[in-house]
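A.B. asks: Below you'll find the structure I mean.
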Amino acid sequence: MSTRARYWMLQAIGWGAYSLVGAGIGAYYGGWNAALVLGYVLYFLYSIGLTETFRQMMRRGRWLNPPVRGLWLRLAGGVLIIAAIQFVLVISINEALDPAGDGWPLDAKLGLAWGTTLATGSWTALYVRLTEKRRVHEREVALQLSLREAELRALQRQVNPHFLFNCLNSIRGLVVENPPRAQEMVTHLANMLRYNLQRDVRETVPFASEMKVVNDYLALEGVRFDERLRIRLDVDPSVNDVEIPTMLLPTLVENAVTHGVAASPTGGEIAIRAARDENFVRIDVVNPGHLPEPRAESVGLANIRERLRLLYGDRASLTVSNGEPGRILATVTIPLRS
């Protein structure tokens, strides 16, 4: 049975059972009559319709996806609204079907209000609980797809004909002028390709692993840009073992070189800083340039932002802003996992 079929079956069973119990209680006190039966048939139908509308609101609004700030407040508000609608409909329909009745005493109204709130609240709690496993699976699938896309984009950037032409042309010139350095550049290129072609892509890797491939990348670009590319590192050694999302640092550095150094006739300095405190690690990548307003975010940065959301919810962040005059600052803050 499909998930959707099970959902509708549980909807019918749940609200059907509640309606039967309610009708049975009503018949016990007042006997069976057409108004009672029709009233609970309608209750069964519009309760399914109201909770299905509530479910669609949760899905469209991504209420159950991280970050979940204010989730229970929104759910409680939805429950109270649906219960109030049910309350009004039950009394209005009953009075319309049985206008000669004695009306609803206060204790009956209080019981009805409590019953509709409890029933809808139970439905909401069960829905959130029963769909949790599916949401976790969807999150994991989305994260894996995001990681694969990041790996593919990084590989495409690093093995595209333009990049390879520049690297191989630089290495070709070094073969005669400086054979040892030519060998070193080949090693850097092989290291980069090996890092991106690894089969077992993990969600996170140690910062030191990311820094190693960044050093390979910068060494290759250093041959191309020569003195136009200057590097400054300020990395706290305690950060080396911290797990960060795969391809986060290479993407930030590649973005800095492409949109900072390569875009400037005089080149510039790429600064990489990393430090940690008790709860977070902060990574800064600074490059020359100035952010225009309005601006479009690059695909690589958008990918980083999405993976941070999938991995850490609202506890991690990526900001890109104009820092010191003529400098662009990209900052990533990641929580330290216990």
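A.B. asks: So for Ser238, Ser170, fewest C-beta neighbours within 10 Å to most, what's the order?
C.D. replies: Ser238, Ser170
A.B. asks: How much space per residue, in cubic angstrom, does the convex hull of the C-alpha atoms of the range 3-130 take up?
C.D. replies: Per residue, the Cα convex hull of the range 3-130 comes to 103 Å³.
A.B. asks: Can you compute the FRET efficiency between Asn322 and Asp241 using 1/(1 + (r/R0)^6), with r the Cβ-Cβ distance and R0 = 35 Å? Round to the nearest 0.05.
C.D. replies: Computed FRET efficiency for Asn322 and Asp241: 0.60.
A.B. asks: What order do you get for Arg62, Arg230 when you list them from fewest to most C-beta neighbours inside 10 Å?
C.D. replies: Starting with the residue having the fewest Cβ neighbours, the order is Arg62, Arg230.
A.B. asks: Put +1 on the Cβ of every Lys and Arg and -1 on every Asp and Glu Cβ in the range 3-130; which of Leu20, Leu80, Leu130 then has its Cα farthest towards the positive end of the dipole?
C.D. replies: With unit charges placed on the Cβ atoms, the residue in question is Leu130.
A.B. asks: Explain nothing, just the number: dipole magnitude of the range 3-130 about its Cα centre with +1 on each Lys and Arg Cβ and -1 on each Asp and Glu Cβ, in debye rounded to the nearest 20.
C.D. replies: For this selection, approximately 1000 debye.
A.B. asks: Using mean Cβ contacts within 10 Å as the protection proxy, how do 2-10, 312-320, 70-78 order, highest first?
C.D. replies: 312-320, 70-78, 2-10
A.B. asks: Once you order the gyration tensor axes a ≥ b ≥ c over the Cα atoms, which shape class does the range 220-338 get: rounded for a/c under 1.5, otherwise prolate or oblate by comparing a/b with b/c?
C.D. replies: Taking the square roots of the gyration eigenvalues as a ≥ b ≥ c, the range 220-338 is prolate.
Every number in this text was worked out from the coordinates using simple rules, so none of it is lab data. As the structure is a prediction and not an experimental result, all values here were calculated from the model. For neighbour counting, all protein chains shown are included, and Cβ atoms are generated from backbone atoms with ideal geometry for every residue, glycine included.
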